[in-house]
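Have a look at the structure below, then the notes.
The values are calculated or read from the model by the stated rules, or taken from the named source; none is laboratory data. Since this is a predicted model, take the numbers as computed values, not measurements. Here Cβ is always computed from backbone atoms with ideal geometry, including for glycine, and neighbour counts include all displayed protein chains. With ligands, DNA and RNA removed, areas are computed over all heavy atoms of the protein, side chains included. Shrake-Rupley method; radii C 1.70, N 1.55, O 1.52, S 1.80 Å.
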Amino acid sequence: FVFLHGLDAEEDLVGSLASMSTNERIKAIQKMPETMKKKREIRNKVLQEITKKSRHRGAQHSCCAQCLQGAAVSFRRFGNSLSEHFHQLRVWHKTLKIIGAEFGTSVLSYFVFLTWLLNFNIFSFLINFSFITIPQFLAAEPNNLSFTGLELFTGAGYFQKTVLYYGFYTNATISKIENGPSYNMQLAYFFTVGIYFLICFLILLFSMAKFFSRNFINPQAFSVHASKLLCTWDFNITNEKAVRLKQKNLHTQIKEDLTEVNKEVLNFSVMERLLRVGIHLLAWLASLGTAVGACTGVYFLSINNLELFMKGHRNDLESQTAMLVLPVIVSLLNTLIPFFFSWLGHLERFQTPGQHIYVTIARNIILKMSIVGILCYYWLNIVAASKSQCWETLVGQDIYRLVVVDFIFCLLGSFFGEFLRRIIGTTVCVSLGLPEFDIGRNVLDLIYAQTLTWIGILFSPLLPGIQMIAFFIVFFVKKVSLMRNCQPPCKVWRTAQMMTSFILLLFCPSFLGVLSVIGVTVWRLKPSEECGPFRGLPSMFDAVAEWIQILEGYTASKWVVWIYQNLITSELFFFILSSLVLIVTYLYWQIIQGRKTMTELLRKQINN
């Protein structure tokens, strides 16, 4: 009787499980206090019961349903295989794990930022190449200039008559078939660049929000770190190399957490505090004075650079070599002065490595953005007002040379700053030891290079492709230099907020400054009369105004005209929009403050 009762209970259990959905059935079986063998038996009986019921009801799949199911399975398999292939294409995935295990999250944050910028430039290149360059190939004229090889460094000569620069693009409507579809190059150029910057704005905004929520609002900061010892290990790892790498990574993370917990607060006397404040003030005066001197030199050198252009475009070696003077001097300043800033930081003796890095980054950002500001003033106020036939191409060539020479100096910086420093520290002066990876200097090199790329997109649409190749090479050069020449940081520390800080610096002042430069160029400067898609117009934006005038004659396009007249060109609309954004921002700020208060209360309850 007991046996029969047990069979009835098991049948009822199987019947109830068979009536559940797949997810509910899996969870119910997992929660059963039975052995794995017993759970498998129950699962197999449930599957048999489901099959029996489906046959009993005669619910055979139709041919169409079977085809759809087969197609869905094939599509899912294709998606999984495609995902695996894309994962294999990320050649830096394993490298990032090794760097994080060997050198900690502080150095890892630089390489994560570099890969983020690399993906960003791939996206930029694809957009510009698809909507600007490919249509221009259909209307391109043959290039009669000879290629000498020096153009790879100067960007002049043969490249001047290619799709690399603004001046080569036509202002005509491209149509290969008579009475067929046409492609307005003016509108394509304007809207591609405009929509690209809008997408960049949104990507940067959402990236800052994502990294902020991941790092600043960090649940681990309010939990006990014992969970890292007891619950972190992944028992699916069986490969010996993967096990050692995971051990190193876990070891580094625990050291970082312990450093954060055991942070010492040094108490200084009044005289020691005054002395430290005096040293900081002197260091800031020295760094600001150096930046002002560098900007002054760049300004006067840029004036001489324009005079060289105005003498005529000779293709001889002397003329093309002279074009490299300005980018070489600028890159030399951007390479040597940050070493001076790092030396000042060591003299100041900050309490934590984080303070040293953030102060160094602040000084470098002042230097590099000031130099970029001087160059933008030179391009928009002096070059644009010159008597050149195509001033946009001159600006594009200048930016191309700056990008290429900065890339070369970045590689030289790895050689002289890390390789030779290792040789000196291990043979000549052993007390120096191996160098540490300078995060602040290297990060600002990336932000400076990306700023140049953004400014140059309007004048050289394919510049993101060049920067993409440069960042790819820099990643592996820096990786090899780091592994061979550098030692892990002497003071291990956790850098949860670093990636957020890097994106913030990229957004402001870099991206916002670029938007102001592009805005002045598009709305206020007169394009060249003899080159480019906007030739003959009072400003680049007038191409849109002329297009709107054409649309006024079409009844189906009245809504576009209404949006342009009542929204885009309306100051009232942007005032209302800005007010709404400020109100929403204030509300979110209050919500965050309330959540912080609640978090503190919950934290106190947990401690109690």
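Cα centroids of segment 118-175 and segment 551-608: 39 Å apart. Estimated from the Cβ-Cβ distance and a Förster radius of 22 angstrom, the FRET efficiency linking MET271 and PHE350 is about 0.70. When the trypsin sites (Lys or Arg not before Pro) in segment 131-214 are filtered for DSSP coil states and for at most 15 other beta-carbon atoms within 10 Å of their beta-carbon, the remaining sites are LYS176. What percentage of the solvent-accessible surface of segment 96-537, computed with a 1.4 Å probe over protein heavy atoms, is contributed by carbon and sulfur atoms? For segment 96-537, the apolar C and S fraction of the accessible surface comes to 66 percent. Between ILE550 and GLN389, the FRET efficiency from the beta-carbon distance, with R0 = 35 Å, is close to 0.75. Compared with the direct C-alpha span, the chain from ILE592 to ILE122 gains 165.7 nm at full extension, assuming 0.36 nm per residue. Note that segment 424-477 carries a Kirkwood radius of 13.5 Å, evaluated over its alpha carbons pair by pair. One decimal place: the segment LEU602-PHE129 gains 165.0 nm when fully extended, by the rule 0.36 nm per residue minus the C-alpha distance.
The stretch between ALA286 and VAL325, if pulled fully straight at 0.36 nm per residue, gains 11.4 nm over its current Cα-Cα span. Here r is the Cβ-Cβ distance between ALA172 and ILE583 and R0 is 35 Å; the resulting FRET efficiency, rounded to 0.05, is 0.15.
Using a probe of 1.4 angstrom and keeping all protein chains present, the accessible surface of segment 96-537 works out to 48 square angstrom per residue.
Label positions at ILE237 and TYR377, each projected 7 Å from the Cα along the C-beta direction, are separated by 5.4 nm.
Under the simplified labelling scheme, the SER570-CYS429 pair shows an inter-label distance of 6.7 nm, with each label point 7 Å from Cα along Cα→Cβ. With the simple spin-label model, which puts each label point 7 Å out from Cα in the Cβ direction, the ALA139 to LYS53 separation comes to 6.6 nm. On a 25 Å Cα-Cα criterion, which of the cross-link pairs LYS210/LYS596; LYS38/LYS246; LYS161/LYS368 come out too long? Distance filter (> 25 Å) returns LYS38/LYS246; LYS161/LYS368. Shown are ARG535, ARG524, ARG595, whose ranking by accessible area with a 1.4 Å probe and every protein chain present, most to least, is ARG524, ARG595, ARG535.
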